[in-house]
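Rule-based calculations on the coordinates, nothing more; no lab input. The model shown is predicted, which means the values in this text are computed figures rather than measured ones. Here the Cβ is made from the backbone with ideal geometry for all residues, glycine too, and neighbour counts use every protein chain on show.
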Amino acid sequence: MGKYKGKVVWITGASSGIGEEIAKNFAAKGAKLVLSSRRKAELERVKSACNLPDEEILVLPLDLANHAEMDEKASKIIQHFGKIDVLVNSGGISQRSMVIDTDMEVYKRLVDIDYLGTVAVTKAVLPYFVKQKSGQIGVITSLMGKFSSPMRSGYCGAKHALHGFFDALRLEHDEDNIKVTLICPGYILTSISENSLTADGSKHNKLDEGQQKGMTAEVCAAKIVEALRKEKFEVTIGGFETFGILLKRFFPKFLHRYVLKATKKQVAEVSTK
């Protein structure tokens, strides 16, 4: 089954969407899994779908906003499996609100979960990786970690921050044989837009038009696992929207005008509420 047979893979955000499909993909490759998110019942459902023996899959609920609990969670994995080989940071939450309307508490929650939560999980695992002189970290950021879009200011800020942090971590721990892959999905058919935070912290409860036409989470997960297998530094996954990265670099004003036009209807709907 290749590179990941018998490896212990810890996946956050494993209760749905991309995280769930990553879990299934690794299970098919013979990996041992640790499934984490806030929703224990959904994690148990994913566990059943992975079809692994009980001793090869551990359900470990956690809240990414509770940074202090991450060392304890990592310790439980070590007690159960004796090691951690791969960490896939897939958990997070998005946003759909204008800057002028958004409560500071919403920004704080986005940073606590998407940025600091991911950092906290990673720091909990890092000492074990350093000790064993090996380890792999996959970080699911977003195309919004490379360029921005209206109504996602806090989400974009947190995702941009992940790139800065993990590029630095990769440099610091090159001699420890720790591999880091930054993964930038575009439109993927998941519930992330429906669960996004609005200006007051309530749920958006609406599936974005782009996501409706997006790549399936199953296909996205397969591409993510393949990028990890190849130990890529960074990978973009999606359709035409991924060209935004090239436009940002070489034609930033054109990208600005294109994004304004593409999101005009969505911004108008929010502005008139």
Here are some pairs, K3/K223; K123/K230; K123/K179; K73/K206; which of them have Cα atoms lying more than 25 Å apart in this structure? K73/K206
Counting each DSSP H run of 4 or more residues in the chain as -39500 (n - 2.57), what helix-only mean residue ellipticity at 222 nm follows after dividing by all residues, to the nearest 500 deg cm²/dmol? -14000 deg cm²/dmol
Just rank V119, V139, fewest to most, by other beta-carbon atoms within 10 angstrom. V119, V139
Does anyone have the angle between helix 153-172 and the longest principal axis of the chain? Alpha-carbon axes, 0 to 90°, nearest 10? 40 degrees
Expressed in µm² per second, the diffusion coefficient of the range 8-242 from the Stokes-Einstein equation, with Rh the Kirkwood radius over alpha carbon pairs, at 4 °C and 1.567 mPa s, is 73 µm²/s
Treating the range 200-273 as a set of equal point scatterers at the Cα positions, no solvent, please give the Debye-formula log₁₀ I(q)/I(0) at q = 0.19 Å⁻¹. -1.03
Residues with beta-carbon under 14 Å from that of G117, excluding G117: net charge, scoring Lys, Arg +1 and Asp, Glu -1? +1
